[in-house]
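Heads up: the structure comes next, in structure tokens.
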């Protein structure tokens with residue numbers, strides 16, 4: 001920005017052009033912008049949508065074996081790194097996000113679901129993590 005004397009948006013467009021990336025505006029949501037499937041999944045994994053997690057994932061992280069002397073995961077670590085937990089289900093995320101209007105193809109392109117080999121549908125990539 002400084003070297004080319006550009007504002008953020010101009011610098012972003014310049015770097016995208018140099019990298020061969022086509023910038024696209026985001027879609028619409030109730031707040032004027034639609035979240036990407038990855039953002040929606042991240043919110044869900046962190047306990048969003050007012051859906052309870054089966055167990056407090058922060059507790060799971062605190063109880064895991066760790067290297068001697070390694071720090072425990074604190075609330076600040078969980079929030080700062082936006083850590084979350086994927087339910088131990090084959091289709092919990094897929095069902096939740098398709099109910100919000102995302103297509104299975106969008107979720108597959110985002111790497112969140114995997115197409116079944118027999119073509120009968122999709123299943124969540126991340127489970128019980």
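Read-outs throughout are calculated quantities, based only on the coordinates presented, and are distinct from any laboratory measurement. Quantities reported herein were computed from a predicted structural model and do not represent experimental measurements. For neighbour counting, all protein chains shown are included, and Cβ atoms are generated from backbone atoms with ideal geometry for every residue, glycine included.
Residue 39 to residue 15: extension gain in nm, 0.36 nm per residue of separation minus the Cα-Cα distance?
On the way: separation 24, 0.36 × 24 = 8.64 nm, distance 2.31 nm.
Extra length available between residue 39 and residue 15 comes to 6.3 nm.
Mean projection of the Cα convex hull over all viewing directions, computed for segment 72-129: 5.0 nm². Extension gain for residue 83 to residue 129 (0.36 nm times residue separation, less C-alpha to C-alpha distance): 15.5 nm. Ranked for footprinting exposure by Cβ neighbours inside 10 Å, fewest first, 89, 120 give 120, 89. Fewest-first ordering of 93, 23 by other beta carbons within 10 Å of each residue's beta carbon gives 23, 93. You can think of it this way: the chain between residue 95 and residue 1 has 29.6 nm of extra reach, that is 0.36 nm per residue less the Cα-Cα gap.
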